[in-house]
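Notes follow the structure.
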Amino acid sequence: MSAPRRNDVPAAREAPKRPRREQSALVVSIPSQTSFLALVRDLTRKMAAVAGFDEPTGDRISLAVDEATTNAIEHAYRGAPDREVELRMEDRGSEFRVEVLDNGAMVDPRTVPPVDLDRYVTEGRTGGLGVHLMEKIMDSVTFRRSARRNICRMVKKKEGRVDTP
């Protein structure tokens, strides 16, 4: 056995690896046709379940995403069936994020009047509750336009969960 020489460098040790947090993401494009909304609801419920939400919360999230997608089809595209709506769903640890993107006409959600539900029901109206429902269900709903695309971002926070870097 020989003694270690001064120039010998001990082998580098690898830093212990932190367990990686499992996250799920999904990006899907659908034709701008309301016949695809059932698929949107099913995918949203599945992704919400994978993200850890219970079934009733997943159902509510899927309703919000359905409303945002319907708004893109009916308002941004004015019902044109030959366009695309892109959906991005992502489990980000402490929150579940959904983006609905389209390249149709910009619709300013600030022009949507507040809803008086009692009057709405009394008058027997239907439709027009999309943004209102989305804001009631989700923790955050934002609208912006970037690179000629409308982006509706909705976030649902997970209770009691803190993200650590």
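The values are calculated or read from the model by the stated rules, or taken from the named source; none is laboratory data. This structure is a prediction, so every number in the text was calculated from the model and none was measured. Note that we place each Cβ from the backbone using ideal geometry, even for glycine, and neighbour counts take in every protein chain shown. With ligands, DNA and RNA removed, areas are computed over all heavy atoms of the protein, side chains included. Shrake-Rupley method; radii C 1.70, N 1.55, O 1.52, S 1.80 Å.
When the stretch 79-102 is filtered for residues that are without any contact (Cβ under 8 Å) to a residue 60 or more places away in the chain and on the phi > 0 side of the Ramachandran plot, only 79 remains. When residue 161 is tested against the conditions (1) modelled with pLDDT under 60; (2) assigned to a loop (DSSP other than H, G, I, E, B); (3) open to solvent by less than 50 Å² (accessible area, probe 1.4 Å), the lone failure is (3).
Determine whether residue 103 is modelled with pLDDT of 95 or more, open to solvent by less than 90 Å² (accessible area, probe 1.4 Å) and farther than 17 Å from residue 139 by Cα.
Numbers: modelled with pLDDT of 95 or more: yes; open to solvent by less than 90 Å² (accessible area, probe 1.4 Å): yes; farther than 17 Å from residue 139 by Cα: yes.
So residue 103 passes the test.
Considering the stretch 45-90, the residues that are open to solvent by less than 40 Å² (accessible area, probe 1.4 Å) and in a loop (DSSP other than H, G, I, E, B) include one that is nearest to residue 27 (Cα to Cα), namely 51.
When residues in the stretch 35-44 are screened for being open to solvent by less than 60 Å² (accessible area, probe 1.4 Å) and over 12 Å from the mean Cα position of the chain (by Cα), 2 of them pass.
The residues in the stretch 24-78 that are among the small types (Gly, Ala, Ser) and in contact (Cβ under 8 Å) with a residue 40 or more places away in the chain can be counted, and the count is 11. Going by the structure shown, is residue 134 closer than 30 Å to residue 50 by Cβ, modelled with pLDDT under 95, touching an Asp or Glu at 6+ places or on another chain (Cβ under 9 Å) and not in a loop (DSSP other than H, G, I, E, B)? Considered against the rule, which asks whether it is closer than 30 Å to residue 50 by Cβ, modelled with pLDDT under 95, touching an Asp or Glu at 6+ places or on another chain (Cβ under 9 Å) and not in a loop (DSSP other than H, G, I, E, B), residue 134 comes out as yes.
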